[in-house]
Amino acid sequence: MKKVKIVFMGTPIFSVPVLEGLIENYHVVGVVTQPDKEVGRKKILTPSPVKELALKNNIPVLQPAKIRTDYQDILALKPDLIVTCAYGQMIPSAILEYPKYGCINVHASLLPKLRGGAPIHKAIIDGYMKTGITIMYMIDRMDAGDIISQEETLITHEDTEGTLHDRLSLMGKNLLLKTLPDLLEGKIQATAQDESEVTYAYNITREEEHLDFHKTTLELYNQIRGLNPTPGSFALLDGKIIKIYAASMSDSFYTERADGEISRIYKDGFGVSTKDGELIITEIQPEGKKPILVKDYFNGINPETLLGKILK
């Protein structure tokens, strides 16, 4: 199987373990990833994590800005199989139809649930009890191809986007390595997705990062966890952006309090009234400052001055 020529297509850190597994067990003849991006205030041109790994292993890297029209160099590698994972562009039919063994994708949900670019975030935000990894054949529709294999994991009440991301990333690597031998030997019987069960997980918008305290405590708790650590949720306090990274739920309920009102000070946080209760904020990032635990934030202020203020 080492002789099978594989091209890998991926971009973020999530894809790195999947590529590592392929490099360790198969013959990766090329890597396709997104163009380098300017990062930080100094706008330093930075390669993707996938590109960095490829270069460390002396694997040729291609970075087409528009793969829909710029794909001839990929076909020139003559891949027998293409494996994608969080690549970031829709792949044209000319590529999908080329490899002998097809073009397969490692996707971070239990398809047909959560098609799209933010399945990990949305699984938590939308209150899913479980999610997982799907390996599927790719077609010229977003995450709609036949399912080759799946593995599930429960979403705990403490999971964040970060913890679930890391768990699913390793699951993707392991499931791919379990699946490839049967695929290459022609033993796979793929299953069509049930279109009646489809849900979507489009990329997170700025509006979805904004916390609306007219929502329930559970909805807000899930939103905060589903956006931690990236991109982070936020609200406005005294007209300034305050990012909120962690919280806990309280049984307290103050009927006389407005939604979003800071209603109580705790040892490790401050309670904010919600539609049906109270959310205790425990980790924040004030505008222009670094993230900080609220209990440490209290060392620099009189926390009682927060009482009665409204998070909008």
- Message: With the structure loaded, tell me whether Gly132 is part of a helix (DSSP H, G or I) and among the small types (Gly, Ala, Ser) or whether it fails that test.
- Response: no
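Out of the residues in region 213-238 that are charged (D, E, K, R) and either within 30 Å of Met142 (Cα to Cα) or in the same structural domain as Gly116 (by TED's automatic domain parsing) (or both), which is surrounded by the fewest Cβ atoms within 10 Å (Cβ to Cβ)?
Narrowing region 213-238 to residues charged (D, E, K, R): 215, 219, 225, 238.
Filter once more, keeping what is either within 30 Å of Met142 (Cα to Cα) or in the same structural domain as Gly116 (by TED's automatic domain parsing) (or both): 219, 225.
Values: Glu219: 19, Arg225: 25.
Of everything passing the filter in region 213-238, Glu219 is surrounded by the fewest Cβ atoms within 10 Å (Cβ to Cβ).
May I ask you to list the residues in region 214-232 that are under 18 Å from Asp259 (Cβ atoms) and in contact with a helix residue (DSSP H, G or I) (Cβ under 7 Å, 6 or more places away or on another chain)? Lay out the reasoning, then the answer.
Within region 214-232, the first condition is being under 18 Å from Asp259 (Cβ atoms), and the residues that meet it are 214-224.
If the condition is that a residue be under 18 Å from Asp259 (Cβ atoms) and in contact with a helix residue (DSSP H, G or I) (Cβ under 7 Å, 6 or more places away or on another chain), then Asn222, Gln223 are the ones that fit.
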- Task: Could you please find all residues in region 56-107 being farther than 18 Å from Asp36 by Cβ, of a type in the set (Ser, Thr, Tyr) and in contact (Cβ under 8 Å) with a residue 40 or more places away in the chain?
- Result: Thr84, Ser93, Tyr101
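Test Val106 against the stated conditions and say whether it is touching a Lys or Arg at 6+ places or on another chain (Cβ under 9 Å), under 17 Å from Tyr26 (Cβ atoms) and in a strand (DSSP E or B).
Values: touching a Lys or Arg at 6+ places or on another chain (Cβ under 9 Å): yes; under 17 Å from Tyr26 (Cβ atoms): yes; in a strand (DSSP E or B): yes.
Spelling it out, Val106 is indeed touching a Lys or Arg at 6+ places or on another chain (Cβ under 9 Å), under 17 Å from Tyr26 (Cβ atoms) and in a strand (DSSP E or B).
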- Starting from region 34-46, take each residue that is hydrophobic (A, V, I, L, M, F, W, C) and list its partners that are surrounded by 13 or more Cβ atoms within 10 Å (Cβ to Cβ) and assigned to a strand (DSSP E or B), counting only C-beta distances under 7 angstrom and pairs at least six apart or across chains. Val39/Thr46
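Condition (residue is farther than 24 Å from Arg68 by Cβ, over 17 Å from the mean Cα position of the chain (by Cα) and in the same structural domain as His27 (by TED's automatic domain parsing)) applied to region 152-171: is it met by at least one residue? First the steps, then the outcome.
Kept after step one, since they are farther than 24 Å from Arg68 by Cβ, are these residues of region 152-171: 152-171.
Next cut, over 17 Å from the mean Cα position of the chain (by Cα) only: 157.
Pick out the ones that are also in the same structural domain as His27 (by TED's automatic domain parsing) and you get 157.
Within region 152-171, one or more residues are farther than 24 Å from Arg68 by Cβ, over 17 Å from the mean Cα position of the chain (by Cα) and in the same structural domain as His27 (by TED's automatic domain parsing).
Are any residues in region 1-45 outside any loop (DSSP other than H, G, I, E, B) and at pLDDT below 95, and if so, which ones?
Applying the first criterion (outside any loop (DSSP other than H, G, I, E, B)) to region 1-45 yields 5-10, 13-25, 27-32, 37-39, 44-45.
Matches in region 1-45: Lys37, Glu38, Val39, Ile44, Leu45.
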- Query: Just to be sure, is Ile135 surrounded by 18 or more Cβ atoms within 10 Å (Cβ to Cβ), over 20 Å from the mean Cα position of the chain (by Cα) and of a type in the set (A, V, I, L, M, F, W, C)?
  - Reply: no
- Note on the structure: Exactly one of Leu184, Leu175, Leu170 is buried (at least 18 other Cβ atoms within 10 Å of the Cβ) and modelled with pLDDT of 95 or more, and that residue is Leu175
- Query: What is the residue count in region 191-213 for residues that are touching a Gly at 6+ places or on another chain (Cβ under 8 Å) and free of Cβ contacts under 8 Å to residues at least 60 places away in the same chain?
  - Reply: 1
- Going by the structure shown, is Lys130 under 29 Å from Leu218 (Cβ atoms) and of a type in the set (Lys, Arg)? yes
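The values are calculated or read from the model by the stated rules, or taken from the named source; none is laboratory data. It should be emphasised that the depicted structure is a prediction, and the values quoted were computed from it without experimental measurement. Neighbour counts run over all protein chains shown; Cβ positions are idealised from the backbone, glycine included.
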